[in-house]
């Protein structure tokens, strides 16, 4: 079984919605990068996640939505646009929080579970996880996953520890 087949099996994918999304973004030449748990997988041992967090250049957001509207249900929220499909359990979240926009410029193409995609640099992925963990409005279970992702990154990149606030580092001891 390939990595892509594994990902689609876990996501109960009747079709490969992740590749469909990536193809649409490529076709319209939208600038983007992956952040969140799947981005952590690009730098550490992979952990399965059914969430794909993506930052799309603000100027390309509407074009991306138009390019995928035939295949995805689109829901708009204060800091994200969520894409879902009845053909898969994978959830794609377009981050619209302006803080993430700078991450796009330093992103590089990396392999994530068999998919070639632009991924934020490791420092930026870590920063996004710190922001997510620090958001007390998030569900505790999500924040615990963010904390685990911070730990995963610091295990591989201990030199980044000084980029994590001490109150978060203390929780990892």
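The values are calculated or read from the model by the stated rules, or taken from the named source; none is laboratory data. Remember, predicted model here, so these are calculated numbers, not experimental data. Because the Cβ atoms are built from the backbone with ideal geometry, glycine has one as well, and the counts that use them run over all protein chains shown.
Give the residues of the range 97-131 that are in a helix (DSSP H, G or I), over 24 Å from residue 143 (Cα atoms) and touching a helix residue (DSSP H, G or I) at 6+ places or on another chain (Cβ under 9 Å), sorted by residue number.
106
Please count how many residues of the range 1-17 are part of a loop (DSSP other than H, G, I, E, B) and over 14 Å from residue 87 (Cβ atoms).
2
Considering each residue of the range 91-109, count those that are touching a residue at least 60 places away in the same chain (Cβ under 8 Å) and surrounded by fewer than 14 Cβ atoms within 10 Å (Cβ to Cβ), and give that number.
Count: 0.
Taking the condition of being surrounded by 22 or more Cβ atoms within 10 Å (Cβ to Cβ), without any contact (Cβ under 8 Å) to a residue 40 or more places away in the chain and within 14 Å of the chain's Cα centre (by Cα), how many residues in the range 114-141 meet it?
1
How many of the residues making up the range 74-109 are within 14 Å of residue 18 (Cα to Cα) and in contact with a strand residue (DSSP E or B) (Cβ under 6 Å, 6 or more places away or on another chain)?
Looking only at that region, the number is 7.
Can you tell me which condition residue 88 does not meet? The list is (1) over 13 Å from the mean Cα position of the chain (by Cα); (2) closer than 19 Å to residue 25 by Cα; (3) without any contact (Cβ under 8 Å) to a residue 40 or more places away in the chain, and all the others hold.
(3)
Output the number of the condition that residue 27 fails; it satisfies all remaining conditions of (1) under 17 Å from the mean Cα position of the chain (by Cα); (2) touching a residue at least 24 places away in the same chain (Cβ under 8 Å).
(1)
Could you say which residue among 20, 94, 38 is in a strand (DSSP E or B) and either closer than 26 Å to residue 157 by Cβ or in contact with a helix residue (DSSP H, G or I) (Cβ under 9 Å, 6 or more places away or on another chain) (or both)?
94
Kindly indicate the residue of the range 152-171 that is under 20 Å from the mean Cα position of the chain (by Cα) and free of Cβ contacts under 8 Å to residues at least 60 places away in the same chain and also surrounded by the most Cβ atoms within 10 Å (Cβ to Cβ) among those meeting that condition.
Only one residue tops the list, namely 164.
With more than 16 Å from residue 44 (Cα to Cα) and at pLDDT 95 or above as the only criterion, which of 143, 152 stands out?
After ruling out the rest, the residue left standing is 143.
Do we find a residue being part of a helix (DSSP H, G or I), crowded, with 21+ Cβ neighbours inside 10 Å and touching a helix residue (DSSP H, G or I) at 6+ places or on another chain (Cβ under 9 Å) anywhere in the range 71-88?
Scanning the range 71-88, I find no residue that is part of a helix (DSSP H, G or I), crowded, with 21+ Cβ neighbours inside 10 Å and touching a helix residue (DSSP H, G or I) at 6+ places or on another chain (Cβ under 9 Å), so the answer is no.
Go through the range 41-64 and count every residue that is part of a helix (DSSP H, G or I), farther than 25 Å from residue 4 by Cβ and in contact with a helix residue (DSSP H, G or I) (Cβ under 7 Å, 6 or more places away or on another chain).
Residues that pass the stated criteria total 1.
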